[in-house]
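> One structure is given below, represented as structure tokens, and several questions about it will come after.
The values are calculated or read from the model by the stated rules, or taken from the named source; none is laboratory data. These numbers were taken from a predicted model, which means no experiment stands behind them. Note that each Cβ is placed from the backbone with ideal geometry, even for glycine, and that neighbours are counted across all protein chains shown.
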Amino acid sequence: MSKKTHVTATLNGETVEFLCEPRHSLLEVLRDTLQMTGAKEGCNNGNCGACTVMLNGRPVNSCLVLGVEAEGATLETVEGIASHAHLHPIQQCFLEGAALQCGICTPGFLIAAKALLEQNPNPSEHEIRFKLANNLCRCTGYDKIVKAVQAAALELQKAAP
Amino acid sequence: MPVVFIPTPMRDLTGGEATVTVEGEFVRDVIDALDRRYPGIKDRLCRGDALVPGLQVCIDDTMTRRGLNARLAPQSEVHFLPPIGGG
Amino acid sequence: MRSFEYEAPSSLAEATALLASAKGTARVLAGGTDLVVQLRERLRDADLVVDVKHIPELMELNYSPGMGLRLGASVPCYRIYENPDLVATYPALIDAAHIVGGWQIQSRASIGGNLCTSSPAGDTITTLIALGAHCVIAGPHGNREVPAQEFCTAPGKNLLQKGEILVAIVFPGPGQKSGSAYERFIPRNEMDIAVAGVSSWVRLDAAGKTIAEARVALAAVAPTPRFASEASQWLVGKPATAETFAHAGELAKKVASPISDMRGTAEYRTHLVGVLTKRTLAKAVERACG
Amino acid sequence: MAHTEELYLGKKSYNVIGTRPIRHDGADKVTGKAVYTSDLHLPNLAHGKILRSPHAHARIKSIDVSEALQVPGVFAVVTHDDFPDLENKVANLGEAGMVNLLELGANCLAKGKVLYKGHAVAAVAAASTHVAEEAVLKIKVEYEVLPSVTWVLDAMAPTAPILHENLRTDFMGKKEDKPTNVALHLQFEKGNIAEGFQSADVIVEREFKTASVHQGYIEPHVTVALWNEDSRLKIWTSTQGSFVCRQQVAELLGIAVSQCVVVPCEIGGGFGGKIAVYLEPVAALLSRKCGRPVKMSMQRNEVFEGTGPTPGSFMRVKIGAKKDGTLVAGEAWLAYDCGGFPGGVIGPGCMCVFSCYEFPNAKVDGFDVLNNKPHTQAYRAPGATQAAFACEQVIDELAAKLNIDPIEFRLKNAAKEGTRRVDGPVYPRVGFIECLEAAKNSPHWKTPLTGKNRGRGIAAGFWFNIGCASSCSASVNDDGRVTLVEGSTDIGGSRTSIAMQLAETLGIGAHDVQPQVADTDSVGYTFLTGGSRVTFATGLAAYQLGLDLQGQMKQRAAEIWGCGADTIKVENGNYSHNGHTLSFKQLAAKVAENGLPPVVGRASVAPEGSTNAFGVHIADVEVDPETGKVTVLRYTSVQDAGKAIHPSYVEGQLQGGAVQGIGWALNEEYFYDDKNQMRNASFLDYRMPTCLDVPMIETIIVEVPNPTHPYGVRGVGETPIVAPPATIANAVHAATGCRMTSLPISPPVLWKAISTKA
């Protein structure tokens, strides 16, 4: 076992500090050390997207990031999407559109979809499907997920100044 | 009287008969009656005091889990089928 | 995952020194999208992992129409396809950067990392070959440059020596009337490994009718990505027509020596080389005509 | 149930049923708060890892764990020898089938032999998963590698390597006398096929093959077990059935079921693959040995290689018809593999192959065949999808030969009330004809498909509705909201569909019921979530529970008003007597104010299973003739839901099943190399569809009420996966003229077919 490294990062707007071995993935750190279990492990090799989090403003598979790489980084997880006890429109649209069944892939989809809409507020169906292709869902057949993202795009556009 | 549908592989015991009408209020009675008429059939259908694993009784269109204790109506059809599970 | 040490040097000198002096196996970590998986699955091991993302030269993206592109080895894919200059000038590179894994992967994965993984199916490597890129390598004894097509030596292997590090990839300016395209064949539409892939670059004559220069490179059909030299040379002086592209495809097939595996049979992969060569040449020419 | 039928069947308007409330667990699931098993962190938790076989078939000569035990941080190591002596005993897991304990135990940890690559051999508990993983590598196993076999027909050959020396073919009670890999031979016959085929004007006969495919749930298997010093065993796990899990674990460990409590955490998908236990008994053994709670979770490759896919198959189907399109005879020969242990899904395969049509004469032979793959498990309508792939393509070909529209051909022969199935029983009221009519009238079918290399296909599918035991209880709170406790693990929104049925019965709102899925100590026995049973059977329990609560509320009202309970009228949740009316909420408040006994209800049911749900699918595809790649352009799924309780989640089942089926049709397969090792045990190479691979999935819900349910519910979860591979294959045929008889219809295979034909 190699020595643990001290890491300081910003997680959902708060400063966090943790110790981790170099071999610990960011996903392990989030889930096991910081007890932020919203990001899920589906494949542990970057193919399912269930562990998607934002790292310095970009969506990443946290299973493919080392915890030590998070030094000084800004992280956002599904736990940080809702604010002031209110669901984010994208969360609300997933609920109203029944865009989840078992829910295990949902945190990853929400992060990826939110990142997409922040980058492109009015994506086409193809763009949505292209950007969400790194997130596997086995329950819904994607139809309601894509529709929920479309609905969220409209909501966010309405809310925009 | 209930009509028992004889599974194809057991028709060697019934002289090729595909259906047999026998008296019985419960599946258990029907099997006993069958065995009296066609000795050996109970051995194929039952293990101890239960249906052999892998068989399930279907009465008319209803799969039942009551096995030998399932009750029959006078005009019931009795089928012995593989169990259905599901995902 | 086996235990290892981690260092994040901030200069090239520091990095090459760490790599050269490491006891046991040292590995370079760029985006980690290959390395972390390989370490976890014990396909590779490491005693020391050197994170090179804090070295300025490896994160540099510098383009000018005259000089071409200098691409730091660890620049993640998204910085390439989100750069409007590059979208216009190196479309094959954009094609490839867009399909390395999914969006999340592209936030981290780099062209340099893809090259150093040296997979026969590496999506961006053929593009480097087709675009005539050079690799800048730093080592304990100084720098050297090699053409991209010489970099990979076998599946998962390349010519980097102990202590050496890939610093950047240098692309010549695209040239007038030139265009390029990368296309791979995969059974899904994303998130897949190429069954076969082809990058084509062409430069047309002033009239835009005849191919003045061409480079075709193939992925996933040999132990390393391959430059299809016969096809590339044959194309010179030929009219930019469907018949030409198809014939070039036939010539490119000669370079393919694929294996049969779960991704497809050797016969199928060879066939795909023809199809993809034809298609990428057509697209490259279309782009050249702008 | 006659009275309930009179009360509710045929009722057209409901207050709650048929609406689309937000699911009760929704906020938890979109904020990351929902607790899945993997999210648990218990004090003093140890982490377990499994050592798995590198060979497809080998005898275990010895296992040496001594070095593993020396690794710092290792707490315990277990092998099969840590199980109590398991008898060759069959445990009845209800309609999940019969489970031979010896085999179940030997699947959890190999006994004497490994039967597939990935077969669990030993397990370690340690301070962290990393330490456990290192220790696992230090376990030394000496194997004698044996010849292996993975293709079903090879496994049936007389020269095949034998997996189980003592196994003899069971021909429905008759035993063969030679060692074999054929565990079971089933046979069904109706009428006389020889005469039937003689009277046919057209006969089509074809052979089909399908590869093993996996359920592909995104959450890997994970469990936490705590075997306490007081001998109580507590298991938190990702399971489709907490009671069925409890029963398997207790039987394997030789303890009473009541000694074990299973806590069903939120579950990240199952589709039939999370019924059998894998990690639970192993974690329990480790916990007993090390005195700590032990968490075990699989990596994705372990899920593929160590848990049950659905069978690979070989099928031969022959069907004859008259010129006017009347089917006269059908014959099917189906061989399904079951992996390393007997007991696959050939039974339902045989029962479903001809289940959509009226066949005067038919014969079906089915074989359950052992081979060196992981032991198969249920996967959504287990066995039916393969059978439909075969039958529906032969039907398609017959219709084309007779120049009859494929929907008209199916309508002419459709199974309906009174049709006698090949396996014997006669259908009650079913909705196949309605589904076909709906397909015929759908916007999709009515829109002509144009363009090169394009084709449209249609196919039908059928599955059962298994019934079985369900329990629930509830208490009425002072504020009039009802707390519902049920035992069906919720994989796709079922707690809402159950709560809605209770709310409807009580005349209150969907969100006036707060449902929770309880552990095995906190709710009555409830059979698993599977077999399309939950909304049907647990929904029935919720309905009965509603009647119980309503009866008690009437009694309380009677006490308040000083009248007889039978004089109180209840309508839409309002209780009235003699000019007084109290809403459910008002009455609940009065119960508390007046110090009356709280209203606590319960219900338990065990409805018998029924024949059930039909679906019809339509697909438009475009084929790239140069690469053999198929793009699905448009897709419609039509299904009889009896009554859709929450239409969004019914649609979700139809859409999810369709996309799983499209994956099965086009790319998914266990790819074996020449050493019978799976080469693609990852989500990268086992290509499940991404959202970029599929179009929107249009749905049409047909409602032909199920006569055995008070609200007419038919389970909908499984039928959606039955038709897609056949639908896609028929569409590919329409686009290319190639009849694709093996799954998957992957690009290299289709390209080969197209180029060979040309």
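> Please go through the range C:83-113 and give me each residue that is of a type outside the set (A, V, I, L, M, F, W, C), touching a residue at least 40 places away in the same chain (Cβ under 8 Å), assigned to a helix (DSSP H, G or I) and away from chain A (no Cβ under 14 Å), ordered by number.
C:THR89, C:PRO91, C:GLY112
> From the list A:THR10, A:THR33, A:THR15, which residue is within 24 Å of C:ARG79 (Cα to Cα) and either outside the structural domain of A:LEU154 (by TED's automatic domain parsing) or without any contact (Cβ under 8 Å) to a residue 12 or more places away in the chain (or both)?
One residue alone meets the criteria, A:THR10.
> Here's a follow-up. Out of the residues in the range D:238-285 that are outside any loop (DSSP other than H, G, I, E, B) and in contact with a Pro (Cβ under 7 Å, 6 or more places away or on another chain), which is surrounded by the most Cβ atoms within 10 Å (Cβ to Cβ)?
Result: D:SER242.
> Restricting the search to the range C:279-290, which residues are over 19 Å from the mean Cα position of the chain (by Cα) and either buried (at least 23 other Cβ atoms within 10 Å of the Cβ) or among the polar types (S, T, N, Q) (or both)?
Within the range C:279-290, C:VAL285, C:ALA288 meet the criteria.
> Turning to a different aspect of this structure: In the range D:693-709, which residue that is within 13 Å of D:ALA658 (Cβ to Cβ) and part of a strand (DSSP E or B) is nearest to the other protein chains (Cβ to nearest Cβ)?
D:ILE697
> Does D:SER742 satisfy being within 14 Å of another protein chain (Cβ to nearest Cβ) and not β-branched (Val, Ile, Thr)?
no
> For the range D:286-306, which positions are away from chain A (no Cβ under 14 Å) and surrounded by 23 or more Cβ atoms within 10 Å (Cβ to Cβ)?
D:LEU286, D:SER287, D:PRO293, D:VAL294, D:GLY306
> For the range A:139-161, which residues satisfy the criterion of being part of a loop (DSSP other than H, G, I, E, B) and away from chain C (no Cβ under 14 Å)?
A:CYS139, A:THR140, A:GLY141, A:ALA160, A:PRO161
> Shifting gears a bit: Residues that are in contact with a Leu (Cβ under 9 Å, 6 or more places away or on another chain): find the strands (runs of 3 or more DSSP E) completely inside chain B holding 2 or more of those.
In chain B, the matching strands (runs of 3 or more DSSP E) lie at B:56-59, B:77-81.
> May I ask you to list the residues in the range A:62-78 that are surrounded by fewer than 19 Cβ atoms within 10 Å (Cβ to Cβ) and under 16 Å from the mean Cα position of the chain (by Cα)?
Result: A:ALA73, A:THR74.
> Now for a different question. If a residue counts only when it is more than 14 Å from every other protein chain (Cβ to nearest Cβ) and not acidic (Asp, Glu), which strands (runs of 3 or more DSSP E) contained entirely in the range C:1-69 have at least 3 such residues?
C:61-64
> For A:LEU116, which of the numbered conditions (1) free of Cβ contacts under 8 Å to residues at least 24 places away in the same chain; (2) within 14 Å of chain C (Cβ to nearest Cβ) fails to hold?
So A:LEU116 meets the others, but not (1).
> Continuing with this model, one more query. Among the residues of the range A:1-54, which ones are assigned to a loop (DSSP other than H, G, I, E, B), touching a Phe, Trp or Tyr at 6+ places or on another chain (Cβ under 8 Å) and more than 8 Å from chain D (Cβ to nearest Cβ)?
A:SER2, A:PRO22, A:LEU34, A:GLY49
> So, one more: Looking at C:ALA214 and the list (1) in contact with a Phe, Trp or Tyr (Cβ under 8 Å, 6 or more places away or on another chain); (2) closer than 29 Å to D:VAL632 by Cβ; (3) away from chain A (no Cβ under 14 Å), which single condition is not satisfied?
(2)
> Suppose we filter D:ALA110, D:ALA91 for residues that are under 34 Å from the mean Cα position of the chain (by Cα) and either surrounded by 24 or more Cβ atoms within 10 Å (Cβ to Cβ) or among the hydroxyl-bearing types (Ser, Thr, Tyr) (or both); which single one remains?
Residue meeting the stated conditions: D:ALA110.
> Restricting the range D:507-517 to residues that are in contact with an Asp or Glu (Cβ under 8 Å, 6 or more places away or on another chain) and touching a residue at least 40 places away in the same chain (Cβ under 8 Å), which is farthest from D:LYS569 (Cα to Cα)?
D:VAL517
> Of the conditions (1) touching a Leu at 6+ places or on another chain (Cβ under 8 Å); (2) touching a residue at least 60 places away in the same chain (Cβ under 8 Å); (3) not hydrophobic (A, V, I, L, M, F, W, C), C:SER74 satisfies every one except a single condition; which number is it?
Here C:SER74 meets the rest and fails (2).
> With the condition kept exactly as written, say whether any residue in the range C:251-266 is away from chain D (no Cβ under 14 Å) and more than 21 Å from C:CYS152 (Cα to Cα).
Scanning the range C:251-266, I find at least one residue that is away from chain D (no Cβ under 14 Å) and more than 21 Å from C:CYS152 (Cα to Cα), so the answer is yes.
> Would you tally the residues in the range D:577-589 being part of a strand (DSSP E or B) and surrounded by 15 or more Cβ atoms within 10 Å (Cβ to Cβ)?
3
> Here is a follow-up. Find all pairs meeting these conditions: Cβ atoms under 6 angstrom apart; at least six residues apart or on different chains; first residue within the range D:353-373 and in contact (Cβ under 8 Å) with a residue 12 or more places away in the chain and under 13 Å from D:GLY343 (Cα atoms); second residue among the acidic types (Asp, Glu) and surrounded by 24 or more Cβ atoms within 10 Å (Cβ to Cβ).
Hits for this filter: D:VAL369/D:ASP337; D:ASN371/D:ASP337.
> In this structure, does D:ALA592 turn out to be crowded, with 20+ Cβ neighbours inside 10 Å and aliphatic (A, V, I, L, M)?
No, not satisfied.
> Of the residues C:ARG108, C:ARG144, which is touching a Gly at 6+ places or on another chain (Cβ under 6 Å), at pLDDT 95 or above and either surrounded by fewer than 24 Cβ atoms within 10 Å (Cβ to Cβ) or not β-branched (Val, Ile, Thr) (or both)?
Residue meeting the stated conditions: C:ARG108.
> I'd like to verify a number: residues in the range A:60-80 that are free of Cβ contacts under 8 Å to residues at least 40 places away in the same chain and either on the phi > 0 side of the Ramachandran plot or more than 7 Å from every other protein chain (Cβ to nearest Cβ) (or both), how many?
Qualifying residue count, the range A:60-80: 2.
> Next question, about the same structure. In a strand (DSSP E or B) and either away from chain A (no Cβ under 14 Å) or within 16 Å of the chain's Cα centre (by Cα) (or both): is that true of C:ALA181 in this structure?
Criteria met by C:ALA181.
> Examine the range A:84-98 for a residue that is under 22 Å from A:LEU27 (Cβ atoms), more than 7 Å from chain D (Cβ to nearest Cβ) and assigned to a strand (DSSP E or B), and state whether such a residue exists.
No, that holds for no residue.
> Which of (1) more than 14 Å from chain A (Cβ to nearest Cβ); (2) surrounded by 24 or more Cβ atoms within 10 Å (Cβ to Cβ) does D:ILE662 not meet, given it meets every other one?
Just one mismatch for D:ILE662, condition (1).
> Same structure again: Return yes or no: is C:PHE227 at pLDDT 95 or above, farther than 18 Å from C:ALA97 by Cβ, aromatic (Phe, Trp, Tyr) and not assigned by TED's automatic domain parsing to the domain that holds C:LEU43?
yes
> Scan the range A:102-112 and tell me whether some residue there is among the small types (Gly, Ala, Ser), within 14 Å of chain C (Cβ to nearest Cβ), farther than 26 Å from D:GLN240 by Cα and not in a loop (DSSP other than H, G, I, E, B).
Yes, there is a match, as at least one residue in the range A:102-112 is among the small types (Gly, Ala, Ser), within 14 Å of chain C (Cβ to nearest Cβ), farther than 26 Å from D:GLN240 by Cα and not in a loop (DSSP other than H, G, I, E, B).
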